[in-house]
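What follows is a short report on a single structure.
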Amino acid sequence: RPLTAAPEPKRSLLALYFRKAAIDGMTDPFFLEIVVNPDLLPSERPFVIAHEWGHLAGYADESEANFIAWLACRRGSARAQYSAWLALFGHVYAATGNNRELLAATRSSDRI
């Protein structure tokens, strides 16, 4: 039996601000709670929650929290796995300068 339980995501009165500022979630370092944007799609939610849990686990750097979230979601349900791969694709696409050739390559690999 684990000594601690993962906290449930909280809703915030700052939902409008989260929406306008494109913030998916945040970790409250004082109360050790995570706050998640209520506008997240169901396919985004598992990765964002795992990312915020990564911060609570002590991984302050965004890239480390992303990696921890990806690892955790890869071992989760089908929805969590989809969320992990969706987030990874978004990061790779952004890292390549939003290169449209990357999208063309993924479409051509689907035909094989």
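The values are calculated or read from the model by the stated rules, or taken from the named source; none is laboratory data. Remember, predicted model here, so these are calculated numbers, not experimental data. Using ideal geometry, Cβ is built from the backbone for each residue, glycine included, and neighbour counts are taken over all protein chains shown. Accessible surface areas use protein heavy atoms only, side chains included; no ligands, DNA or RNA. Shrake-Rupley method; radii C 1.70, N 1.55, O 1.52, S 1.80 Å.
Maximal additional length on extending the Leu14-Ala57 stretch stands at 13.1 nm, based on 0.36 nm per residue less the C-alpha distance. Extension gain, Glu64 to Gln81: 0.36 nm times the residue separation minus the Cα-Cα distance gives 4.3 nm.
When Rg and Dmax of the Cα atoms in Å is calculated for this entry, the matching label among (1) 15.6, 51; (2) 13.8, 45; (3) 16.5, 58 is (1). Rolling a 1.4 Å probe over the protein heavy atoms leaves Trp85 with an accessible area of roughly 120 Å². In this structure Tyr59 has an accessible area near 90 Å², from a 1.4 Å probe over the protein heavy atoms. The charge dipole of the chain, taken about its Cα centre with unit charges on the Cβ atoms of Lys, Arg (+1), Asp and Glu (-1) only, comes to about 420 debye. In the context of the full protein assembly, Arg74 retains an accessible surface of approximately 80 Å², using a probe radius of 1.4 Å and ignoring ligands and nucleic acids.
Using a probe of 1.4 angstrom, how much of the accessible area of segment 1-82 is carbon and sulfur, in percent?
Working: 3480 of 5890 Å².
Percent of accessible area from carbon and sulfur atoms in segment 1-82: 59.
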